[in-house]
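One structure is given below, encoded as structure tokens.
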Amino acid sequence: MPAHDSHPFDAAVALDAAGDGVFRGRTHPLWSNMVGPFGGITAAVMLAAPCRDPRRIGEPLALTVNYAAPVADGEFTVEATPVRTTRTTQHWTMLLRQRDGVAATASAVFAVRRDTWAAHELPMPAVPAADEVPPTLRRAPLAWPERYEFRFVAGPWPELSGTEAGESLTRVWVRDEPPRPLDALSLAAIADVFYPRIFRRRGRFTPIGTVSITTYFHAAAAELAAQGVRPVLGCAQGRRYAGGFFEQNAEVWGDAGVLLASSHQIVYFKE
């Protein structure tokens, strides 16, 4: 994966090799959330471990991260294990350990992409170009949103005024702040930049926590590199809210109309 050592994102996902498949890292204060770090940066850290393992083949195809417990500020280790390798795919499991406990588990699939027939069935939403949408200055009172430039087309930060909405759709042009060339690690984090859909539906703050998120990477490394530092279009919407959990789905599009990634997460909420 490309290195951009001077960028705060790369400082947050930095890992030091500490043995066969074991990496040491540390949470970064610029990525703090309500409790612990932003979930997207944790996902990127989990993916970074196999990406930096010399046994890895291919490029990221799928990543699932299960948040077993809040990640505390401070040091952690990630254990990455390749469980099966074929000629075109490689399957990994990862554990994020902290203070003698497991805070997150993950699995990843890497693939050797081939030149094959290709087609799009899902069209990119018709939206104004990023440079036609002013950046949003109002932010959540947290550190990690400052790491991104947001240009909302629809569904901006919710007012939390108590007024319920009939839907939770958000469309937003987004990129790292300061700008950073897109790669699989930053894409894994961007797939989780959308505020919880229940905030918009209920119109009020609701305690939540992502339980599991799966991200599918549809674009090869060369396509991500071609996107460069230009904003990508993120689209997110909830599905069903029931029994203390809700599903939140998202798409990330390149500005040339190519679907770069899609994600699905299940989120806990408390009355």
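Bear in mind that the values in this text are calculations on the coordinates, not laboratory data. Here the structure is a predicted model, which is why all the values come from computation and not from measurement. Reconstructed Cβ throughout: ideal geometry from the backbone, glycine too, with neighbour counts over all protein chains shown.
A few comments on the model shown:
- Overall form of the stretch 78-190 per C-alpha gyration tensor (a/c, 1.5; a/b vs b/c): oblate
- For peptides 101-113, 126-138, sequence by mean Cβ density within 10 Å, most packed first: 101-113, 126-138
- Where labels lie 7 Å past Cα in the beta-carbon direction, separation of Asp20 and Met34 in nm: 4.3 nm
- At R0 = 25 Å, FRET efficiency that the Cβ-Cβ distance of Thr116 and Arg55 yields, to 0.05: 0.45
- Residues Met94, Met46 in ascending order of nearby Cβ atoms (within 10 Å, fewest first): Met94, Met46.
- Prolate/oblate/rounded label for the stretch 1-132 (Cα gyration tensor, a/c 1.5): oblate
- For Ile266 and Asp131, the FRET efficiency from 1/(1 + (r/R0)^6), where r spans their Cβ atoms and R0 equals 25 Å, is about 0.10.
- With kT/(6 pi eta Rh) evaluated at 20 °C and eta = 1.002 mPa s, and Rh the Kirkwood radius from Cα pairs, the stretch 165-207 diffuses with a coefficient of 175 µm²/s according to Stokes-Einstein.
- Temperature 37 °C, viscosity 0.692 mPa s: under these conditions the Stokes-Einstein estimate for the stretch 147-271, based on its Kirkwood radius over C-alpha pairs, is 220 µm² per second.
- Cα-based shape type of the chain, given that a ≥ b ≥ c are square roots of the gyration tensor eigenvalues and the cut on a/c is 1.5: oblate
- Relative contact order, percent, the stretch 1-119 [alpha-carbon distance under 8 Å, six or more residues apart]: 25 percent
- Summed side-chain charge close to Ala250 - residues other than Ala250 whose Cβ falls under 15 Å, Lys, Arg +1, Asp, Glu -1: 0
- Rg(Cα) / (2.2 N^0.38 Å) computed for the stretch 198-271, rounded to two decimals: 1.32
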